[in-house]
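Engineer: Dumping the structure here so I can ask a few things about it.
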Amino acid sequence: MTEATPEATSTAGTDTRPIGVLIAAMGGEGGGVLRQWLVDAAMAHGFAVQSTSIPGVAQRTGATTYYVEIQPTKDGGEQARPVMSLYPLAGSVDIMVASELIESARAMQNGFVTPNCTTLIASTHRVYAVAERTAMGDGRFDGERVVKAAENLAQQSILFDMEAMAKEHGSVINSVLLGAIAGTNRLPIPPEGFEAAIRDTGRAVEANLNAFRAGFAAVERGDPAALIPDSDLKRPWRPDPPMVEQLQYRVREEFPGPARAILREGVNRLFEYQNKGYAELYLQRLTRIDRAERDAGGHGDLVREAGRYLSLWMSYEDVIRVAQAKLRPERQARVRAEVGAKPGEPVRIREYLKPGLDEATALLPGWMARPILAAADKAGLRDRLNIGMTITSTALWGHFLLRLLSSLRPLRPMGHRYHSEQLLIDQWIGNIATAASLDLGLAAEVAACQRLLKGYGQTQRHGWDSFSGIMATLATPALQGDMSPAAAGQAIALARDAALADPEGAALQSVLETEKTSDLAAE
């Protein structure tokens, strides 16, 4: 969509280059309204202005972009119609606005942020992209790298959590972005002009004005309380549950400093997942790793990483865990905030579930679960016995069903999967401890292989196949002295990355076959 003002453009001067403003915003963030505010404010001051919008695709696979060019009128003399571009050109964008941190990275990658002219304005909060959510491992992009790139590539970078500021003032992020644009003083429009444009819309005027003024003050005055980069990396402090205070004391007294923050979160996670005894088992397992690392001259890095991965493995996903997660008050509060629900306004949450045979047999005793799974495998039905369900968790029946599933937590230790997982975990812990006596780098790579294990059903089995293949082909020979520990560590890292990059497993098989060939050649 393109808008122009013939009256303004017919009197605009050509002695200066138009000021280009490029906006990248996702659905529901008011990017179109932000563009209109800029256009209205420029028109009200008699400037030539032209804007173009390019629709994006669904939510986090891309953003809708809006490009605005503004050229002040020439004082006195004969005026000529300016020539304006419908699309931004790399290297000539004066103000780049991104409503989310990784959207600013897209802009930098596409050349729209340059040291010669670009002021980059971006919110540091995160809305994870599809590629991040679907990655087999931790697919999140490194926010700190984006911040550093902005500091190097932009003439001026303005990064802070604008989403949080908007919520604080009961508004949407577009009003804070407008305030940040005004605060840079890059546009020849006073703050009052933008405020008038907000008032003219007649929608949520007071909330938008308050958020605009907050964004303006944060940038124009350099408010140190607001301009905190990469706020997504910070986590709110949570008090320890009273029943685990003794375990937290053990973490402080028995484990090295670099590992304490991770281990504290692991204790809380496993207490919530099962009980205090399960959290104690977590620390008992890590004590073995800590002892092996100390004997090898380490300083806590290994036990920190092992603690991270162990907490994830011990809190494996099952129907009880899913029910627990869906009932958490924090989740329901987040959903209400995302849809903009007002206090007291009802919100219906529909849950889409598809449990299969693995989930159904996870809580059965092993003597019952094993023959059922074996028969299903033989008949080729294991991955086909799935039941699609839709539950309204905010309704009485749906909430009761989730509560019932969550209440089965005491039965989890009696189930087939619980016993299977604990045996595998203990074997993995033993491999890490043995590897630490040979090489701490090798031990860290063995620990990191837990990243391959996630989910349930076919996803979980595929991850286990990759995990066991790497252990058998690379880790075990190194632990038995048949392979150099340093070389094995590098090979394990390469194989793990291949498995995470290719869900089908072809890349991993290629790496493992290469390693087997190399071993045979060495013999």
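The values are calculated or read from the model by the stated rules, or taken from the named source; none is laboratory data. Note that the structure is a prediction, hence the values are computed from the model and not measured. Heads up, the Cβs are rebuilt from the backbone with ideal geometry, glycines too, and the neighbour counts pull from every protein chain shown.
Yes or no, residue by residue, for (1) part of a strand (DSSP E or B); (2) surrounded by fewer than 22 Cβ atoms within 10 Å (Cβ to Cβ); (3) of a type outside the set (D, E, K, R); (4) at pLDDT 90 or above:
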position: T14; (1), (2), (3), (4): no, yes, yes, no
position: R17; (1), (2), (3), (4): no, yes, no, no
position: I23; (1), (2), (3), (4): yes, no, yes, yes
position: V33; (1), (2), (3), (4): no, yes, yes, yes
position: A42; (1), (2), (3), (4): no, no, yes, yes
position: G46; (1), (2), (3), (4): no, yes, yes, no
position: S53; (1), (2), (3), (4): yes, yes, yes, no
position: R60; (1), (2), (3), (4): no, yes, no, no
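Engineer: Oh, and also: Please find, among G415, G469, G441, G430, the residue that is at pLDDT 90 or above, within 27 Å of E272 (Cα to Cα) and either buried (at least 17 other Cβ atoms within 10 Å of the Cβ) or in contact with a Phe, Trp or Tyr (Cβ under 7 Å, 6 or more places away or on another chain) (or both). Break it down into steps so the answer makes sense when it comes.
Structural biologist: Details: G469 fails: within 27 Å of E272 (Cα to Cα); G441 fails: within 27 Å of E272 (Cα to Cα); G430 fails: either buried (at least 17 other Cβ atoms within 10 Å of the Cβ) or in contact with a Phe, Trp or Tyr (Cβ under 7 Å, 6 or more places away or on another chain) (or both).
Only one candidate qualifies: G415.
Engineer: Same structure again: Inspect the range 311-330 for any residue being more than 25 Å from S420 (Cα to Cα), aliphatic (A, V, I, L, M) and not in a helix (DSSP H, G or I) and give the result as yes or no.
Structural biologist: Scanning the range 311-330, I find no residue that is more than 25 Å from S420 (Cα to Cα), aliphatic (A, V, I, L, M) and not in a helix (DSSP H, G or I), so the answer is no.
Engineer: Tell me which of these E338 doesn't satisfy, since it passes every other one: (1) over 26 Å from K276 (Cα atoms); (2) modelled with pLDDT of 85 or more; (3) of a type outside the set (S, T, Y).
Structural biologist: Tallying (1) over 26 Å from K276 (Cα atoms); (2) modelled with pLDDT of 85 or more; (3) of a type outside the set (S, T, Y), E338 fails exactly one: (2).
Engineer: Could you list, in sequence order, all residues of the range 367-398 that are under 30 Å from G344 (Cα atoms) and in contact (Cβ under 8 Å) with a residue 24 or more places away in the chain?
Structural biologist: Within the range 367-398, M389, T390, I391, T392, S393, T394, A395, G398 meet the criteria.
Engineer: Ok, one more. Being within 20 Å of L38 (Cβ to Cβ) and more than 29 Å from the chain's Cα centre (by Cα) is the filter here, so list the residues in the range 95-117 that pass it.
Structural biologist: C117
Engineer: Read through the list (1) surrounded by 12 or more Cβ atoms within 10 Å (Cβ to Cβ); (2) part of a loop (DSSP other than H, G, I, E, B); (3) touching a residue at least 24 places away in the same chain (Cβ under 8 Å), then give the number of the only condition that A341 fails.
Structural biologist: Condition (3) is where A341 drops out.
Engineer: Output the residues belonging to the range 80-97 that are surrounded by 12 or more Cβ atoms within 10 Å (Cβ to Cβ) and of a type in the set (G, A, S).
Structural biologist: Residues satisfying the conditions are A80, S85, G91, S92.
Engineer: Considering (1) closer than 12 Å to L302 by Cβ; (2) within 29 Å of the chain's Cα centre (by Cα); (3) touching a residue at least 60 places away in the same chain (Cβ under 8 Å), say which one A436 fails and leave the rest.
Structural biologist: Evaluating A436 over (1) closer than 12 Å to L302 by Cβ; (2) within 29 Å of the chain's Cα centre (by Cα); (3) touching a residue at least 60 places away in the same chain (Cβ under 8 Å) leaves (2) as the failure.
Engineer: Could I ask something else about it? Please determine whether any residue of the range 170-182 is modelled with pLDDT under 95, surrounded by fewer than 18 Cβ atoms within 10 Å (Cβ to Cβ) and on the phi < 0 side of the Ramachandran plot.
Structural biologist: no
Per-residue answers, yes or no, for (1) more than 25 Å from R126 (Cα to Cα); (2) modelled with pLDDT of 95 or more; (3) in contact with a Cys (Cβ under 9 Å, 6 or more places away or on another chain):
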{"site": "P224", "(1), (2), (3)": "no, no, no"}
{"site": "Y249", "(1), (2), (3)": "yes, no, no"}
{"site": "E254", "(1), (2), (3)": "yes, no, no"}
{"site": "L281", "(1), (2), (3)": "yes, yes, no"}
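Engineer: Pick out the one residue from R321, R331, R336 that is surrounded by 11 or more Cβ atoms within 10 Å (Cβ to Cβ), within 28 Å of G463 (Cβ to Cβ) and free of Cβ contacts under 8 Å to residues at least 12 places away in the same chain.
Structural biologist: R331
Engineer: With the checklist (1) touching a helix residue (DSSP H, G or I) at 6+ places or on another chain (Cβ under 6 Å); (2) under 16 Å from L408 (Cα atoms); (3) among the hydrophobic types (A, V, I, L, M, F, W, C); (4) surrounded by fewer than 19 Cβ atoms within 10 Å (Cβ to Cβ) in hand, flag the one item A296 doesn't pass.
Structural biologist: (2)
Engineer: Note down all Cβ pairs under 8 Å where the first residue falls in the range 458-479 and is outside the structural domain of T514 (by TED's automatic domain parsing) and assigned to a helix (DSSP H, G or I), the second is of a type in the set (K, R) and crowded, with 20+ Cβ neighbours inside 10 Å, and they're at least six residues apart or on different chains.
Structural biologist: Correct list of pairs: empty, since none qualify.
Table: residues versus (1) closer than 26 Å to P88 by Cα; (2) among the small types (G, A, S); (3) within 17 Å of the chain's Cα centre (by Cα).
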residue: E132; (1), (2), (3): no, no, yes
residue: A135; (1), (2), (3): no, yes, yes
residue: G143; (1), (2), (3): yes, yes, yes
residue: K167; (1), (2), (3): no, no, no
residue: I181; (1), (2), (3): yes, no, no
residue: T184; (1), (2), (3): yes, no, no
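Engineer: Which of the residues spanning the range 344-383 are buried (at least 16 other Cβ atoms within 10 Å of the Cβ) and of a type in the set (S, T, Y)?
Structural biologist: T361
Engineer: Only helices (runs of 4 or more DSSP H) wholly contained in the range 113-228 count here; list those with 2 or more residues that are in the same structural domain as S99 (by TED's automatic domain parsing) and of a type in the set (D, E).
Structural biologist: Working: elements: 130-134, 143-153, 162-168, 173-183, 191-201, 205-220.
In the range 113-228, 143-153, 162-168, 191-201, 205-220 are the helices (runs of 4 or more DSSP H) which contain 2 or more residues that are in the same structural domain as S99 (by TED's automatic domain parsing) and of a type in the set (D, E).
Engineer: Can you tell me which residue in the range 495-519 is modelled with the lowest pLDDT, limited to those that are surrounded by 13 or more Cβ atoms within 10 Å (Cβ to Cβ) and β-branched (V, I, T)?
Structural biologist: T514
Engineer: Another question about this same structure. Taking the conditions exactly as written (under 30 Å from L438 (Cβ atoms) and among the basic types (K, R)), does R285 satisfy them or not?
Structural biologist: Yes.
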